[in-house]
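*Asks:* Okay, handing you the structure first.
Nothing in this text is a laboratory measurement; each read-out follows from the coordinates by a stated rule. Keep in mind it's a predicted model, so treat the numbers as computed, not measured. Here Cβ is always computed from backbone atoms with ideal geometry, including for glycine, and neighbour counts include all displayed protein chains.
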Amino acid sequence: MPVSAAVTAIGLVVMWSSGFIGAELGTREAAADTLLMWRFLAAAAVLGGAWALLRRRRLRPRAIAEQAVIGALSQGGYLGGIVWSVGLGVPSGTAALIAALQPLAAGALAGRLLGETVSPRQWAGLAIGLGGVALVVQGDLSAGPTAPAWAYGLPFAAMAALLAASFLERRVRAPLDPVDAIPLHCLVSAVLFTGVAVAGDHAAPPAGGGFWVAVAWTVLLSTVGGYGFYWLSLRRNGVTRTSALIYLTPPTTLVWAYAMFGDAPGWTALAGMAVCVIGVVAATARRRPDRSAQLVEDPVRDHAVSSTAK
């Protein structure tokens, strides 16, 4: 692999996984909706300002309406579920692991929604991956009541929102380039989370500087860095390799969490992670290229077209 491609790959994995750490940093200082409100206000200001200065052009009303819905699902639903779950005590590594199963779920559902053929191996991979997630969650629950059991359903709900956004993105009639769509997604998310925070009386940011560190972390590392490296990786490494790199974010998040918070994963969590890797290999391995291979890759690509992290 050329040096530039290697740097791109490392940057993507590190920056993409930073979003889960940023969620934990921020929710230690404030409520989830407070963090999300200020994160997207800042992201909308930075990316929207850059778009107005460098890219300003007229957007079709239909494109704006379509991307508003996609942004509400991919950032509002996805990031809302992830950050809320971490704020309730779900370990960031576990949330990352559940979210990383989204391409597998997309492959399993694409047969019904898109009329594509899903192989038995893909179904087996999804089942194995879900078994791995069950092991990780069971390990977290047995370690102590850090989060209510129902909170582990939030990352699954977040994954479902992202999945819906991915399928909608494939069917839009007025597609936009990411440089046009992502600032719009951030603006929609800023409006959405500001409304939620104001309604819950959580709009005021805390006085401590730790909160603004978390906001800067999520905007610069997770949104600008994560999605910047994602699109760079698509150009240099291709869709297939980029899709595979996304699956490296859960173990990378575990390393982040251990280094920054001292959250050492237990043996059950490590075993569950290994089972998930087996599921990913089973679902993505192909003897020859075919259209069904795209069912795993496209939702990962649409993830970036739609959102955050992030």
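*Asks:* May I ask for the net charge around ARG173, where only other residues with Cβ less than 12 Å from the Cβ of ARG173 are counted and Lys, Arg are +1 while Asp, Glu are -1?
*Replies:* Working: positive: ARG60, ARG62, ARG170, ARG171; negative: GLU66, GLU169.
Neighbour charge sum, excluding ARG173 itself: +2.
*Asks:* Next question. Calculate the spin-label point distance for TYR258 paired with ARG28, positioning each point 7 Å from the Cα along the beta-carbon direction, and give it in nanometres.
*Replies:* Placing both labels 7 Å beyond Cα along the Cβ direction yields 1.8 nm.
*Asks:* Does the stretch 188-229 come out rounded, prolate or oblate by the C-alpha gyration tensor, with a ≥ b ≥ c the root eigenvalues, rounded set by a/c under 1.5 and, if not, prolate when a/b is larger than b/c and oblate if not? Don't jump to the answer; show the numbers that get you there.
*Replies:* On the way: a/c = 5.10, a/b = 1.40, b/c = 3.64.
Cα axes put the stretch 188-229 in the oblate bin.
*Asks:* For the stretch 1-108, what are Rg and Dmax over the alpha carbons, in angstrom?
*Replies:* Every Cα atom of the stretch 1-108 included, Rg and Dmax give 16.6, 43 Å.
*Asks:* Return the Cα extents of the stretch 152-207 along principal axes one, two and three, sorted largest first, each rounded to a whole Å.
*Replies:* Projected onto its principal axes, the Cα set of the stretch 152-207 covers 42, 30, 18 Å.
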